[in-house]
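Okay, structure first, notes after.
The values are calculated or read from the model by the stated rules, or taken from the named source; none is laboratory data. From a predicted model like this one, the values you see are computed outputs, not experimental measurements. Glycine gets a Cβ as well: all are built from the backbone with ideal geometry, and neighbour counts include every protein chain shown.
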Ligand code: SF4
Ligand SMILES: [Zn+2]
Ligand SMILES: [Zn+2]
């Protein structure tokens, strides 16, 4: 914390709510909090995110993707704490010790808190390993991973009778992805930046209840709530451009508090209404995969069915280990 120039002493921060000693500075809200009021503030932000986008309705059953990282563990805790019906799904990608540890953390939490959990493996769902799929897909690892995760989230939600698929994407995730989309003018991806996507034929509603809270705030909340989570990054994460954009935005945030919020939430408030017609047109052009019924822009089979077919027919080279 900074020292006062006049007295040379470290000023004691006061909680913006109770005026007691505050250990948590929140420059983007122009506030400081004690532990108790930080937790309340965080929960209010999540509640506001849920209500502002009408994420959940009476009778909803939620399938939450849980990776074992801080975001999904916090989302798990909060949504369940709100009395919502939450079923968790963990997808083990087979990334060696990282995946083993992630599954262990998720299973331990489910057992401790008596929460329903489904665990599936990439190989079990796709019939091939992630490395094999990567070889035939000609896509970057994260693009392949994201496509497969979205597909199986939707399909598992339908199988289990869930009406909503929720993920732990936070403000940093969405702002950095939006920055990447805008820098490359990937306008076709902008719809995926929405914190709530309505249900459609063969598709459940998709929501991101943590879209108003940052990486750092979520980490703090997880610590205060005593949640165990996996700190290690996925072995493929280092090559991700989005991580570069995240770092860039974080450096800007230190200079200009709330620049991330202004960027992403500003996009939702100001740019989005003008894009609705384009989103509707894109929706109209969607077809159904003749194999599995998933919605796709492709003619013929969807990306995942095509990938499964290609991977099954490709000669089985031995797998490389994921990057260390
Ligand atoms: S870093 Fe990329 S490959 Fe790893 S879990 Fe995330 S999206 Fe998947
Ligand atoms: Zn307080
Ligand atoms: Zn398909």
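Answer with yes or no whether residue 17 is away from ligand 3 (no atom under 16 Å from the Cβ), over 18 Å from residue 167 (Cβ atoms) and in contact with a helix residue (DSSP H, G or I) (Cβ under 6 Å, 6 or more places away or on another chain).
The answer is yes for residue 17.
Can you confirm whether segment 124-139 contains a residue that is surrounded by 19 or more Cβ atoms within 10 Å (Cβ to Cβ), farther than 16 Å from residue 167 by Cα and within 19 Å of the chain's Cα centre (by Cα)?
Checking segment 124-139: not a single residue is surrounded by 19 or more Cβ atoms within 10 Å (Cβ to Cβ), farther than 16 Å from residue 167 by Cα and within 19 Å of the chain's Cα centre (by Cα).
Specify which of the listed residues (57, 53, 39, 48) is surrounded by fewer than 21 Cβ atoms within 10 Å (Cβ to Cβ) and touching a strand residue (DSSP E or B) at 6+ places or on another chain (Cβ under 6 Å).
Being surrounded by fewer than 21 Cβ atoms within 10 Å (Cβ to Cβ) and touching a strand residue (DSSP E or B) at 6+ places or on another chain (Cβ under 6 Å) holds for just one of 57, 53, 39, 48, which is 53.
Sort out which residues of segment 233-251 are more than 16 Å from ligand 1 (Cβ to nearest atom) and exposed (fewer than 13 other Cβ atoms within 10 Å of the Cβ), and write them in order of number.
248, 251
Does at least one position in segment 104-119 carry a residue that is in a strand (DSSP E or B) and within 16 Å of ligand 1 (Cβ to nearest atom)?
The answer is yes, given that some residue of segment 104-119 is in a strand (DSSP E or B) and within 16 Å of ligand 1 (Cβ to nearest atom).
Name the single residue, out of those in segment 202-232 being modelled with pLDDT under 95 and out of contact with any strand residue (DSSP E or B) (no Cβ under 7 Å at 6 or more places or on another chain), that is surrounded by the fewest Cβ atoms within 10 Å (Cβ to Cβ).
231
Would you point out which residue out of 64, 84 is over 19 Å from residue 223 (Cα atoms) and buried (at least 23 other Cβ atoms within 10 Å of the Cβ)?
Checking each option against the conditions leaves just 64.
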